[in-house]
Amino acid sequence: ELERLDLGDWTRAHGTNRGLRATGFGQVLELPWPGGSLPDHGGAVPRLELDARIRDVALKDGAVPVEGAKAVDVVRDGDRVTGVVFADGRTIGCEHLIVADGARSTLGRVLGREWHQDTAFGVAARGYVRSGRSDDPWISSHLELRGEQDEVLAGYGWVFPLSDGEVNIGVGTLATAKRPAQVRLRSLIEHYTDARREDWLLDGPVRAPQSALLPMGGAVSNVAGRNWALIGDAAGCVNPLNGEGIDYGLETGRLVAELLAGERDLSTAWPATLRTHYGLAFSIARRLAGLLTLPRLLPLAGPVGMRSRALMTVALRVMGNLVTESDRDLTARAWRTAGRLSIRLDTRPPFPAADLRT
């Protein structure tokens, strides 16, 4: 998606990484990015810098910004949205409304979005800290994330070198309504950072910490109406196995733009599009994520998985959203088959309104 926005060279100028260094349960595995239909390298850029650059691309392409405005309500005419109301009292009319206001999605709630927490969701925090290894060629994930009482948590910690003297550092855990995450995120990220200080040559406190609850795997209803649609995190387009959402945010933005070119009613067309692109993978991924919230599973399965490089290479692809529609290898076929079986068992498949389309 960054290449489509002509941001590939800009991203690579910030440095590239070779793959994932997975650590945990007494093992360290360096797993190169698989390549194939995707690049064989990755990159990491501070979030605000990336957001600003994408904004610049939009402005150059004709987008008109409304600075310092917060959308809080909509104006309706029957089943259509005809305007957006801002906190300062202004109303701006619209022909179509695309909502990309993040995981909490204030405007999504106004429009009727419902988040179903019976499937796995994420509880995550991240920030930045100075590091003597900010040019490390691998991003690192610690799959044996331990809490303040040394208990194994259903999640992972990460350190992403930024090649600018800092690293992106964070923690994420999985939860469901039945098995909530009993963690204090601010304390947990500080605990994790302290555990990484010597190895990563960290200096100083965590800067600009942010935390969030993340709806994942399409576990939201009412993501579209006749002339409006939710995209990205607002639509629950977050990977259930690693919590990433930037790639889905960019991709769903492109997909809804393509749909608007020929579709008059988004109310079922948009959830159907999301189901087509993400339904199988989201279904099996959130089912696996739900299993990881079982207290005893990760301490038993983690050591077994980390002893197999082949298994972790497969895990890297399926957990990292690195299986594309054009892939036809064994891993890709097995992942799709698992998704088809999983979605048949779902009482509420990803993007439920897709079932209404005839």
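Among the listed residues Val129, Val171, identify the single one that is in contact with an Asp or Glu (Cβ under 9 Å, 6 or more places away or on another chain), in contact (Cβ under 8 Å) with a residue 12 or more places away in the chain, assigned to a strand (DSSP E or B) and surrounded by 23 or more Cβ atoms within 10 Å (Cβ to Cβ). Even if it seems obvious, please write down each step before you answer.
On the way: Val171 fails: in contact with an Asp or Glu (Cβ under 9 Å, 6 or more places away or on another chain).
One residue alone meets the criteria, Val129.
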* Only residues that are farther than 17 Å from Thr106 by Cβ and surrounded by 13 or more Cβ atoms within 10 Å (Cβ to Cβ): list them for segment 60-84, please. => Arg80, Thr82
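Scan segment 27-34 and tell me whether some residue there is closer than 30 Å to Arg264 by Cβ and surrounded by 15 or more Cβ atoms within 10 Å (Cβ to Cβ).
Checked segment 27-34: no residue is closer than 30 Å to Arg264 by Cβ and surrounded by 15 or more Cβ atoms within 10 Å (Cβ to Cβ).
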* Asked: Looking at segment 152-168, which of its residues are of a type in the set (A, V, I, L, M), assigned to a strand (DSSP E or B) and crowded, with 20+ Cβ neighbours inside 10 Å?
  -> Val159, Val167
* Name the strands (runs of 3 or more DSSP E) wholly inside segment 1-114 in which the number of residues that are out of contact with any helix residue (DSSP H, G or I) (no Cβ under 9 Å at 6 or more places or on another chain) and without any contact (Cβ under 8 Å) to a residue 24 or more places away in the chain is 3 or more. => 71-77, 80-86
* Asked: All but one of (1) buried (at least 18 other Cβ atoms within 10 Å of the Cβ); (2) assigned by TED's automatic domain parsing to the domain that holds Asp247 hold for Gly24; which doesn't?
  -> (2)
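For (1) surrounded by 23 or more Cβ atoms within 10 Å (Cβ to Cβ); (2) within 20 Å of Met306 (Cβ to Cβ); (3) within 23 Å of the chain's Cα centre (by Cα), each residue gets a yes or a no:
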| residue | (1), (2), (3) |
| --- | --- |
| Glu114 | no, no, yes |
| Phe121 | yes, no, yes |
| Ile139 | no, yes, yes |
| Arg146 | no, yes, yes |
| Asp150 | no, yes, no |
* To do: Among the residues of segment 296-345, count how many are touching a Phe, Trp or Tyr at 6+ places or on another chain (Cβ under 6 Å) and either part of a helix (DSSP H, G or I) or surrounded by fewer than 18 Cβ atoms within 10 Å (Cβ to Cβ) (or both).
  => 4
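The values are calculated or read from the model by the stated rules, or taken from the named source; none is laboratory data. This one's a predicted model, so the numbers in the text were calculated from it and none came from an experiment. Heads up, the Cβs are rebuilt from the backbone with ideal geometry, glycines too, and the neighbour counts pull from every protein chain shown.
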